[in-house]
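Following: one structure in structure tokens, then a few remarks.
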Amino acid sequence: MTSVSIRDRHSVNAGGVPLTSRRWFRVVGAALVPAALLLLWQLTTAAGVFSPVQLPSPASVYAAALDLLQRGELGYHVAISSQRVVVGFLIGAGLGVAAGALVGLSRLSEVLLSGTVAAIRAVPSLAWVPLLILWLKIGETSKITLIAIGAFFPVYTTVATALRHVDPALVEAGRAFGLRGPTLFATVQLPASLPSVVSGLRLALAQAWLFLVAAELIASAMGLGFLLTDSQNNGRTDRLLLAIVLLALLGKLSDALLGVFERWALRRWA
Amino acid sequence: MPSSATLTARPRAVVDDRASEVVLDRVGRSFPMRSGTHVVLHDVNLHISPGEVVVVLGASGCGKSTLLRAVAGLDTPTSGRIHIDGEPVRGAEPRCAFAFQEPLLLPWRTLAGNVAIGLPRGTPGEEGRRRVRELLGLVGLADFAGHRPRAVSGGMAQRTSLARALARNPGVLLLDEPFGALDALTRLKMQDLLLDVHAAAPTTVLLVTHDVDEALQLADRVVLLGRDAADGPVSIKDVITVPDDRPRDRGSAVLADLRAHLLEGLGVDRHNGARAR
Ligand SMILES: Nc1ncnc2c1ncn2[C@@H]1O[C@H](COP(=O)(O)OP(=O)(O)OP(=O)(O)O)[C@@H](O)[C@H]1O
Ligand SMILES: [Mg+2]
């Protein structure tokens with residue numbers, strides 16, 4: 001099963017595995033660009049190209065991180081933001097799967113619902129903020145609702161589309177062998193659409209982080225989005241950069257977790 | 001109609017009560033098209049006795065698959081009625097098992113997992129696994145039970161699809177060109193397998209093929225579908241009762257006559273512009 005494409009044949013070594021598939025090479029390769037960026041950052045700040053307010057050095061960002069960590073604020077901001085993302089993502093994705101399944105499986109609900117949902121989807125995310133604050137006040141509920149809205153649509157769309165494109169002949173074969181309703185769904189339709197559903201979940205997670213920052217930027221007293229606005233107002237560019245780096249790390253980490261799930265799902269179902 | 005002589009001459013007086021009777025009564029099917037209605041089947045009448053092997057022969061596109069899908073309840077005729085054991089077919093029919101023209105296996109399941117789909121609902125786990133192993137062995141795929149469909153050839157997938165249909169222990173076995181993707185030798189082996197399975201548990205078989213020789217080897221009766229006019233609807237043009245017990249001598253004079261007759265029947269279509277294959 002270790003066939004090698006012509007493209008990769010040059011980089012094949014004795015073990016028969018292309019270099020680009022080797023674990024150590026992938027880890028080191030992926031770290032190269034961030035390391036180069038960090039180096040560039042360090043060099044430009046050391047050379048004094050920008051003022052510390054414009055671009056503080058990596059060391060001072062690190063110091064800001066330690067400072068916030070010791071005061072217990074860093075863990076607090078990260079925890080509250082992560083919690084909002086996870087809760088909002090789970091609610092939005094869950095509703096997205098349900099609505100997507102409804103519209104993807106039933107022609108009637110497609111006729112009744114798909115137009116309306118598409119219209120709601122067309123509303124830019126930030127347009128919801130004033131309304132949510134008016135209805136749900138500046139509390140957790142309004143933020144989580146906004147994040148759930150963000151996570152809902154990618155899942156809804158991918159689930160509905162994937163279910164609608166399951167090979168009808170395969171579904172008919174299932175029916176011919178006595179599968180119906182939920183069993184048909186579990187045996188044929190769900191597995192057939194699972195790979196695209198999982199990539200929809202990854203999109204939704206990215207959306208959830210996006211909407212988190214939108215929610216926290218506008219009205220919040222804690223979380224990474226709050227850290228961003230607060231630092232901006234106090235001229236603490238080091239903290240601002242710290243918040244951005246943390247968002248990058250958290251986004252990448254949560255995406256990697258879903259990636260592990262996706263690989264499992266693809267191995268199992270595709 | 002089969003002559004009573006051929007029926008009583010068969011050593012399958014002990015017809016399993018699983019075998020079903022199939023009656024098609026003036027079955028028609030047309031499809032609405034932008035250019036008007038496209039009549040595919042018209043006035044198809046057929047009475048298939050329990051345990052009988054009926055082979056449907058006809059040119060490509062004449063409606064053979066459409067006919068089988070109607071019997072399986074996967075498609076509803078626009079006119080006429082289909083009864084299985086006296087009960088009308090309504091929706092996917094549990095007494096039928098279908099081996100489709102395409103294998104239509106679930107790509108994420110192993111061959112064994114796919115055959116298991118065919119098992120009747122409520123088969124106990126151990127017995128089910130045993131039966132799946134047995135069937136995969138019968139179609140010569142014992143060593144491939146754990147393979148995914150993508151990792152086997154088209155012919156192997158088709159044999160898996162046959163095993164899945166056999167797993168059902170059906171009253172009516174519907175086979176749509178089940179040996180189409182097989183090489184000549186495997187094809188003969190699978191024909192023998194079908195006859196063995198049928199001899200052991202004589203279920204009703206409705207099989208579609210393009211191959212006149214295959215029809216003459218397998219069938220109690222051959223049903224020839226065709227058109228009267230060049231672009232007219234398809235109906236049953238001829239029904240031929242094939243004499244002699246199976247296995248049959250491929251060189252026999254009687255079969256040669258029938259072959260010529262059937263080829264002529266298919267060839268008439270050719271003169272009228274339809275393709276015979
Ligand atoms: N869903 C459909 N909509 C419109 N026309 C259809 C539909 N299904 C089948 N037909 C038409 O019915 C006719 C018969 O199709 P069918 O698949 O039954 O042919 P067939 O005899 O099985 O051919 P082959 O030997 O090539 O498999 C064709 O002309 C086809 O265009
Ligand atoms: Mg066909």
Pairs with Cβ under 7 Å, 6+ apart, first in the stretch A:173-197 and more than 9 Å from chain B (Cβ to nearest Cβ), second assigned to a loop (DSSP other than H, G, I, E, B): A:189/A:166; A:193/A:166; A:195/A:270
Qualifying residues in the stretch B:61-75 (those that are away from chain A (no Cβ under 12 Å) and of a type in the set (A, V, I, L, M, F, W, C)) - the one farthest from ligand 2 (Cβ to nearest atom): B:70
Of all residues making up the stretch B:202-237, the number that are in contact with a Leu (Cβ under 8 Å, 6 or more places away or on another chain) and within 16 Å of ligand 1 (Cβ to nearest atom): 17
Qualifying residue in the stretch A:263-270 (condition: assigned by TED's automatic domain parsing to the domain that holds residue A:78, closer than 30 Å to residue A:45 by Cα and basic (Lys, Arg)): no
Of all residues making up the stretch B:17-42, the number that are of a type outside the set (Asp, Glu), under 19 Å from the mean Cα position of the chain (by Cα) and more than 15 Å from ligand 1 (Cβ to nearest atom): 5
Subset of the stretch B:47-75 (residues that are more than 12 Å from ligand 1 (Cβ to nearest atom), open to solvent by 10 Å² or more (accessible area, probe 1.4 Å) and touching a residue at least 40 places away in the same chain (Cβ under 8 Å)): B:47, B:49, B:50
Which numbered condition residue B:121 misses (of (1) among the charged types (D, E, K, R); (2) in contact with a Gly (Cβ under 7 Å, 6 or more places away or on another chain); (3) within 16 Å of ligand 1 (Cβ to nearest atom)): (3)
Residue within the stretch A:241-256 that is over 20 Å from residue A:97 (Cα atoms), buried (at least 22 other Cβ atoms within 10 Å of the Cβ), in contact (Cβ under 8 Å) with a residue 12 or more places away in the chain and more than 14 Å from every other protein chain (Cβ to nearest Cβ) present: yes
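Residues are listed down the side, and each one gets a yes or a no for (1) open to solvent by 40 Å² or more (accessible area, probe 1.4 Å); (2) farther than 17 Å from residue B:57 by Cβ:
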| site | (1), (2) |
| --- | --- |
| B:133 | yes, yes |
| B:140 | yes, yes |
| B:163 | no, yes |
| B:180 | yes, no |
| B:191 | no, no |
| B:196 | yes, yes |
| B:223 | no, no |
| B:232 | no, yes |
| B:240 | no, no |
Any hit, the stretch A:159-167, residues being away from every other protein chain (no Cβ under 14 Å), of a type in the set (Lys, Arg) and farther than 29 Å from residue B:72 by Cα: no
Flag if residue A:148 is over 30 Å from residue B:167 (Cα atoms), in contact (Cβ under 8 Å) with a residue 24 or more places away in the chain and open to solvent by less than 30 Å² (accessible area, probe 1.4 Å): yes
Extreme residue, farthest from ligand 1 (Cβ to nearest atom), among residues of the stretch B:76-102 that are in a loop (DSSP other than H, G, I, E, B) and within 9 Å of chain A (Cβ to nearest Cβ): B:94
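Residues are listed down the side, and each one gets a yes or a no for (1) closer than 23 Å to residue A:127 by Cβ; (2) in contact with a Ser or Thr (Cβ under 7 Å, 6 or more places away or on another chain):
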position: A:162; (1), (2): no, yes
position: A:165; (1), (2): no, no
position: A:189; (1), (2): no, no
position: A:208; (1), (2): yes, no
position: A:211; (1), (2): yes, yes
position: A:222; (1), (2): no, no
position: A:236; (1), (2): no, no
Residue B:125 vs. criteria in the same structural domain as residue B:143 (by TED's automatic domain parsing), more than 16 Å from ligand 2 (Cβ to nearest atom), small (Gly, Ala, Ser) and touching a residue at least 40 places away in the same chain (Cβ under 8 Å): no
Members of the stretch B:28-39 found to be farther than 22 Å from residue B:240 by Cα, open to solvent by less than 50 Å² (accessible area, probe 1.4 Å) and in contact (Cβ under 8 Å) with a residue 12 or more places away in the chain, listed by number: B:29, B:30
Residue within the stretch B:165-173 that is within 16 Å of ligand 2 (Cβ to nearest atom), buried (at least 22 other Cβ atoms within 10 Å of the Cβ), within 14 Å of chain A (Cβ to nearest Cβ) and in contact (Cβ under 8 Å) with a residue 40 or more places away in the chain present: yes
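The values are calculated or read from the model by the stated rules, or taken from the named source; none is laboratory data. This is a predicted model, so every value here is computed, not measured. Cβ atoms come from the backbone with ideal geometry, glycine included; neighbour counts cover every protein chain shown. Side chains are part of the model used for accessible areas, which takes the heavy atoms of the whole protein and leaves out ligands, DNA and RNA. Shrake-Rupley method; radii C 1.70, N 1.55, O 1.52, S 1.80 Å.
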